[in-house]
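Read through the structure below, which is laid out as structure tokens, and then see the notes.
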Amino acid sequence: YTYANNNPVMLVDPDGEWAWVAVNAGFAAYRGYKAYKAGKSKKQIAWAVASGFGPGRYFKGAKRVYRFAKKVNSWSNKKTWKHIKERHGSKSKISGKGKFRSNRTMKRTTRATARTKAARKGRYNRTIHEKTFKKYVGRNGNGKKTKRVRVIRDRNGRIVTSFPY
């Protein structure tokens with residue numbers, strides 16, 4: 001038994017953890033104060049306070065895992081946009097492919113089309129989304145102006161490709 005304030009009758013802490021919680025709370029308050037003085041955002045201050053407690057190390061670990069997953073996701077997103085731009089961008093040299101009017105149109109229409117309900121199932125467990133816009137978005141594979149965009153997503157919901165058709 002650990003006695004808090006040397007009082008064996010009133011203030012008993014059987015596992016001895018309460019005193020450490022109090023110490024860690026002090027550290028957490030100090031870290032929060034340091035983050036505040038450094039001009040950090042509210043979210044960063046909250047993380048500083050949470051990591052000051054004993055279970056804060058778990059928050060730090062979870063934060064690192066989250067950041068890594070976010071980085072991996074951004075790598076795959078960059079790869080997707082690069083694929084679409086190389087094959088279906090306005091300056092693409094590949095013939096017989098639908099081409100967007102501009103890169104801005106490519107991203108805007110792809111994102112808008114991806115948010116629509118899936119039109120049908122595709123090969124390899126993929127879903128196909130289609131949308132018709134009010135203005136021309138580019139040229140189809142035959143070189144004619146078109147207002148329609150098709151987006152193909154994989155089974156995890158990531159965009160595989162997008163093109164005007």
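Some points to look at:
- Förster radius 25 Å - calculated FRET efficiency between Ser74 and Arg120 (Cβ-Cβ, nearest 0.05): 0.30
- Computed from the Cβ-Cβ distance with R0 of 41 Å, the FRET efficiency linking Lys37 to Lys85 stands at 0.40.
- Taking 19 Å as the limit for the C-alpha separation, the pairs Lys107/Lys134; Lys70/Lys91; Lys99/Lys147; Lys82/Lys131 exceed it in the case of Lys70/Lys91; Lys82/Lys131.
- Cα-based equivalent ellipsoid, region 95-164: semi-axes from gyration tensor eigenvalues, Å: 20, 13, 10
- Where labels lie 7 Å past Cα in the beta-carbon direction, separation of Ile94 and Lys147 in nm: 2.7
- Fewest-first ranking of Thr161, Thr113, Thr132, using other Cβ atoms within 10 Å as the exposure measure: Thr132, Thr161, Thr113
- Here the simple spin-label model places points 7 Å from the Cα toward Cβ, and for Lys134 and Ala25 these points are separated by 5.8 nm.
- Most to least packed among 89-96, 28-35 [average Cβ atoms within 10 Å]: 28-35, 89-96
- Multiplying the residue separation of Arg104 and Lys63 by 0.36 nm and subtracting their alpha-carbon distance yields 11.5 nm.
- Reachable lysines from Lys63, criterion Cα separation under 20 angstrom, eight or more residues apart if same chain: Lys34, Lys40, Lys42, Lys43, Lys71
Read the figures in this text as sums done on the coordinates, not as results from a lab. All values derive from a computational prediction rather than experimental measurement. Cβ: placed from backbone, ideal geometry, glycine included. Neighbour counts: every protein chain shown.
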